[in-house]
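This report refers to the structure that appears directly beneath it.
No value in this document is a laboratory result; all are computed from the given coordinates. All of these numbers come straight from a predicted model, not from anything done at the bench. In this analysis, Cβ positions are derived from the backbone assuming ideal geometry, glycine residues included, and neighbour counts consider all displayed protein chains.
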Amino acid sequence: MKLSPAWLRDFVDLPIDYRRLADELTLAGVAVEGISGEGESTAYEMEITTNRPDAMNHYGVAREASALYDLPLKAIEPKLPAAQGKSDVTIDIQEPELCPRFTAREIRNATIKPSPSNIASRLQLLDQRPISNAVDATNYVLWESGKPTHVFDLDLLEGRRLVIRKAREGETLKTLDGVERKLTPEDLVVADAVKAVGLAGVMGGFDTMITEKTRNILIESAWWDPVTVRHMSKRHGLHTDASHRFERGADFESTVLSTNRVAELILTSGGGTLVGDVIDVVARKLDLAPVELDLREVYRILGEKLSTLEINRILTRLGFTLTAGSEDRYLVQIPSWRLDVEREIDIIEEIARLHGYDKFANTLPAYSGEVVEVADAQKDARLRSSLLALGYSETISLTFISKDDAKRFSTAAELDLENPISDEASVMRTSMVPGMLNMLAYNLNRGTDNVRLFEAGKVFEASGEKSVELKRIAMGATGNVNAEVVHGLAPGAAARPLSFFDLKGDVEQLLAPFAHWTFYFDSQTADYYHPGRSARAVMDGAMVAQFGQIHPEVAAARKLKQDVFVAEIYLDRLYQHDLEAVRYEPLPRFPAVERDFSFIFDDAVAFDKIRQAVDDLEIEELRSFAPVEIFRGDKVGAGKYSILMRAKLQSRERTLRDDEVAQWSAQITKALETLGGVQRA
Amino acid sequence: MPYTVPKLTNFSAAALDSAVRELLSALEQESAMVASENDWKIYRDRWMARKNGVLTQLNDLWLKAAPGPSKKEVGQRVNELKGKVEHTVEATLARIQSGASSGKLAAERLDITLPGIRRPLGAEHPVIKTMNEIVSVFRNLGYSVEEGPEIETDYYNFEALNFPPNHPARDTQDTLFIVGQESKVLRDRLLLRTHTSPVQIRTMEKMKPPVRVVCPGKVHRNDAPDATHSPIFHQVEGLAVDTDITFCDLKGTLDHAMKALFGSSVKTRFYPSFFPFTEPSADVQISCIFCGGKGTRDGGPCRNCKASGWIELLGCGMVDPNVYGFVDYDPAKVSGFAFGMGVERIAILKYGVDDIQLFFNGDVRFLEQFG
């Protein structure tokens, strides 16, 4: 919205330049966002907050300036010729709740022609297109004092009467923009004896508008119910300068003044005669209740004592009337244009903003109360720092996914958006995986082949009438491990493709700090994972993570040109577990003994079975039992694998004897043979 | 000339010092020449052989030759030298056995200008990093941390924050709605929270004053993505309610926070604004961190602050008494302030990012810059 600072000078004698004025108005709450042009054609780009319709015009801003600089504000006083005769136009308000006041005035024998240049140029400066002297008069008044008005071609109104009523079912109205609109009884219209001629407070009718042929004019200035105007504006997708002001609350007392001002402008430029007095129908008074102001409350909220003199000056300049009561109390009468001021706190804000926010001291409040962290802050921080240390970069992706992805990556009931940004983002994510796959693809498509990412966030599920939010971490990895290493730089230094076991190791690291009774991995994963290269981690009976290579078909469908690995960690379940409390364990004082076992097994014997069998021996001195090397190939035979395993035996009390170690080794060998293992020579 | 043990005639302390220095110097020099085990054997025998080794000669040429009064001192010196010779001979052997001969070391030389083997670290996301920094400033001021749901009801996102139904201020929020809510009463309808302010209400519902919390989190708006808009972004909300909290306290708190985040030379400026849930309401600007508030940089207008010297950063205000009505606080007894800041906006300023979409597409080339 543009305003002209030169126009402000019609109403207040400003002693300062336009740049400083812009700055100081902004600091008083009438924000000037930008300045363009020079001298008389300087224009301010305004950013007026929705609560201040009274400042969306020159007179309103001039009033602010008059309070700011303590200068008098000149009144708008239309000079009208004496009216002739009586107007026989009648106004019938059938909806007094929605239209408490309707004012009209008749002009005869005016000439419709272009506006004089002083009017036209002022409108053009505000990017308003001049149309004709009568229409421009209403527009000029809107920008001058903020009151929307309307002009009808009186000869096109049937029955010489205006009725304010609800629209009839099936009734139509062609509005000024040429659009034929279907009305419903929810719409409030201005009608003549027969038909609707205007959408109340939003836009006038096409068929009764001012044209070059118009001779006789009826001026309208009414007060419309803000909620009704807002509903109509939304329903018809018609946001106008008028609706913008009416739905924020217009000045009830300005209908007569604005009618007369429009009449003055038309008569000045187009001649004609004023017929009869102004027709002012008040169906219901709109009184603003006075507000009590206690100076002690001003101090309690603002923290500084302002002088009574200053408070009086500020409020009076803004149009408030103060009546002193007992002690520090005042009764404040609210001006009719300030529908936003209803309470003591609203008046305190008026005082504070015109005193100047920056004049208040900067203090810190005294502290009382305790500091509380969010419940899982420690666990969140632990996982986040581990992920960063493991080389995963932190990401944030969109919270929305497509309907197809929601079905593909989750079985949960999804929440759809009523007004989504796009089809690709029409559902609240039920899984973090699609977002992660999109980010991996984004990198691969830009030549970044080695990627490790994680995202901590929420997924959303419908649960009856409610929504459920579940915390998740998604990890994504693709490309090479040690991608940057110069091959041959050091023994073993080489890049190699990321494998399932790299990801599994990372997941193991992340889950390790959480206390549990039982923990195992199995292969019961979702169908978007590679069935042979994915696993789920089960802690105390609940799945806390699943991870692995993405199913090649899923990868192909998303045009992922290399193998990608994804892990999902279910924080809502994982956080059922406490972080393991750290306790010191005395260091061993006696030497450990290592024994190797080299066996060939059928592929059907998973390592987990082997370890279980050894665990079942319950050898107290067995510190660890781990695979060291695995080999498959012709020498071993199809469907079999060779495995070298190492047992570490150690006692807390003494050095182990050879015969003891030999006995345990024999037990282990026997257990492995029972599983079908064949010891290698 | 190889070293030979001189026959001493002068037994003054100075003369002895000089003789000892000469001997030790020879010991070190000859040690350095030892390159093989054979060399070492010759070296050992030359210094330590019972028959005519240097140590044996010392006994004859120094100790036995010394006159009575000097005998004790010469004896001590010879003993010390014996220890040093033995030590050096042993060390020489250790050196050649470890292979640390100059030739071998030369052969093992690496091109230390080649890149090291780095284990890649993940990079913190600039938005989360910034959000954590903001939270930590307030945690240090005694604020607790609260979180709330991202899908909210109309009640928490609007009504209890004093946005009445049909209020035009709702239009400014560009809300994303969940489908199928028509059968519910307005206040129960689900939507994506448009700000973190609902957490204010949830916090006050569950605790009585004094309240002092910050609420970081994700918010959503119906904004098509472009360089300056995103349908998701993050905010940090703050709320302090107690007896006697004033507008001056609000100003002081935020002035402190901005200095903590952007440096102590940063100035703040408050000017009136409008939020339904605060009264009085304010927007806060900081002096431009690029031009130091001058409005000009490199001889031209500063682009970051549009030559104004100020950058708008956050909204705040005194909690509106109507809000207290929704949470059963007595506005006559308590007062407080609330503020909210956009994390992306601050991160964009801090790091000079020119496209908000970079935060949300997971581009490693972007993320790695923050590692």
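Some notes on this structure:
- Summary of the geometry: the stretch A:490-543 and the stretch A:248-299, compared by the centres of their Cα atoms, lie 75 Å apart.
- Taking all C-alpha pairs of the protein assembly as shown, those more than 45 Å from each other amount to 55 percent.
- Farthest toward the positive end of the dipole of the stretch B:126-370, out of B:Gly309, B:Thr130, B:Thr175, is the Cα of B:Gly309, where the dipole comes from beta carbon charges about the Cα centre.
- Listed residues B:Pro6, B:Leu24, B:Asn166: farthest to the positive end of the dipole of chain B (Cβ charges): B:Pro6
- Test item: Cα-centred dipole of the stretch A:377-574, Lys/Arg +1 and Asp/Glu -1 on Cβ, debye: 400
- Between A:Val227 and A:Ser41, the simple label model (points 7 Å from Cα in the Cβ direction) yields a spacing of 4.7 nm.
- Placing a pseudo-label 7 Å from each Cα along the Cα-to-Cβ vector at A:Glu469 and A:Asp616 gives an inter-label distance of 4.8 nm.
- Calculated FRET efficiency for the pair B:Ile112/B:Gln29, C-beta based, R₀ 22 Å, to 0.05: 0.15
- Measuring nothing but how far apart in sequence close Cα pairs (under 8 Å, 6+ apart) lie, relative to its length, chain B scores a relative contact order of 15 percent.
- Within a straight-line Cα-Cα reach of under 22 Å, A:Lys648 can be paired with the following lysines, leaving aside sequence neighbours fewer than 8 residues apart in one chain: A:Lys609, A:Lys670.
- Size descriptors for the stretch B:214-371 (Cα atoms only): Rg and Dmax, in that order, 17.6, 56 Å.
- Measuring nothing but how far apart in sequence close Cα pairs (under 8 Å, 6+ apart) lie, relative to its length, chain A scores a relative contact order of 9 percent.
- Note on B:Val185 and A:Ala493: with the Förster distance fixed at 60 Å, the Cβ-Cβ geometry gives a FRET efficiency of about 0.35.
- Take each residue in B:264-274, count the other chain C-beta atoms within 10 Å of its C-beta, and the mean is 5.
- Computed from the C-beta positions of A:Phe519 and A:Lys359, the FRET efficiency with R₀ = 56 Å rounds to 0.30.
- Across the alpha-carbon atoms of the stretch A:68-204, the computed radius of gyration and Dmax are 17.3, 55 angstrom.
- Each Lys and Arg adds +1 at its Cβ and each Asp and Glu adds -1 at its Cβ; summed about the Cα centre, the stretch B:146-300 shows a dipole of about 380 debye.
- The stretch B:306-371 - charge dipole about Cα centre, Lys and Arg +1 at Cβ, Asp and Glu -1, debye rounded to 20: 180
- Listed pairs B:Lys208/B:Lys251; A:Lys458/B:Lys206; B:Lys294/B:Lys333 exceeding 32 Å between Cα atoms: B:Lys294/B:Lys333
- All-pairs alpha carbon distance profile, the stretch A:291-358, 10 Å steps from 0, percent: 21, 63, 16, 0
- nm² value of the averaged projected area, convex hull over the Cα atoms of the stretch B:166-296: 10.9
- Rg followed by Dmax, in Å, when the stretch B:51-155 is reduced to its Cα trace: 36.3, 110
- Selected from A:Gly488, A:Leu560, A:Phe547, residue furthest toward positive end of dipole (the stretch A:377-574; charges at beta carbon): A:Gly488
- Cα pair distances in the stretch A:135-216, grouped into 10 Å bins until the bin that holds the longest one, percent each: 19, 49, 29, 4
- Each of A:Ser326, A:Ser665, A:Ser41, B:Ser70 was scored by other Cβ atoms within 10 Å of its Cβ. Arranged with the fewest first, they read A:Ser326, A:Ser41, A:Ser665, B:Ser70.
- Computed over the stretch A:523-681, the convex hull of the alpha-carbon atoms projects to a mean area of 13.4 nm².
- Translational diffusion coefficient of the stretch A:1-158 (Stokes-Einstein, Kirkwood radius from Cα pairs, 4 °C, 1.567 mPa s): 73 µm²/s.
- Taking every alpha-carbon pair in the stretch A:377-574 and binning the separations at 10 Å intervals from zero gives 9, 34, 37, 17, 3, 1, 0 percent.
- Ordered from longest to shortest, the equivalent ellipsoid semi-axes for the stretch B:115-159 are 35, 17, 7 Å, each the square root of 5 times a Cα gyration tensor eigenvalue.
- Computed from Cα atoms alone, the Kirkwood hydrodynamic radius reported for the stretch B:13-107 is 14.4 Å.
- Kirkwood-type radius of chain B, with distances r between different C-alpha atoms, in Å: 27.7
- Full extension of the chain between A:Ala389 and A:Glu97 gives 98.4 nm of extra length, using 0.36 nm per residue less the Cα-Cα distance.
- The three principal axes of the Cα atoms in the stretch A:560-644 give end-to-end lengths of 50, 48, 23 Å, sorted in falling order.
- Projected over all directions and averaged, the alpha-carbon convex hull of the stretch A:604-681 occupies 5.6 nm².
- Residues with amide H under 5 Å from that of B:Arg297, placed H, sequence gap 5 or more: B:Cys302
- Computed from label points 7 Å out along Cα-Cβ, the spacing between A:Ala381 and B:Asp45 is 7.1 nm.
- Computed log₁₀ I(q)/I(0) - Debye formula, equal Cα scatterers, no solvent, the stretch A:2-69, q 0.13, 0.23, 0.24, 0.26 Å⁻¹: -0.28, -0.97, -1.07, -1.29
- Share antiparallel - DSSP beta bridges, chain A, percent rounded to 5: 95
- Expressed in units of 2.2 N^0.38 Å, where N is the residue count, the Cα radius of gyration of the stretch A:90-282 is 0.94.
- By average C-beta atoms within 10 angstrom, highest first, the peptides A:396-404, A:443-451: A:396-404, A:443-451
- Relative to its Kirkwood radius, the Cα radius of gyration of the stretch A:468-540 gives an Rg/Rh of 1.07.
- The angle separating the long axis of helix B:13-33 from the principal Cα axis of greatest extent in chain B is about 70 degrees.
- Each peptide among A:296-307, A:250-261, A:623-634, B:18-29 gets the average number of other Cβ atoms lying within 10 Å of its residues, and from highest to lowest they stand as A:250-261, A:296-307, B:18-29, A:623-634.
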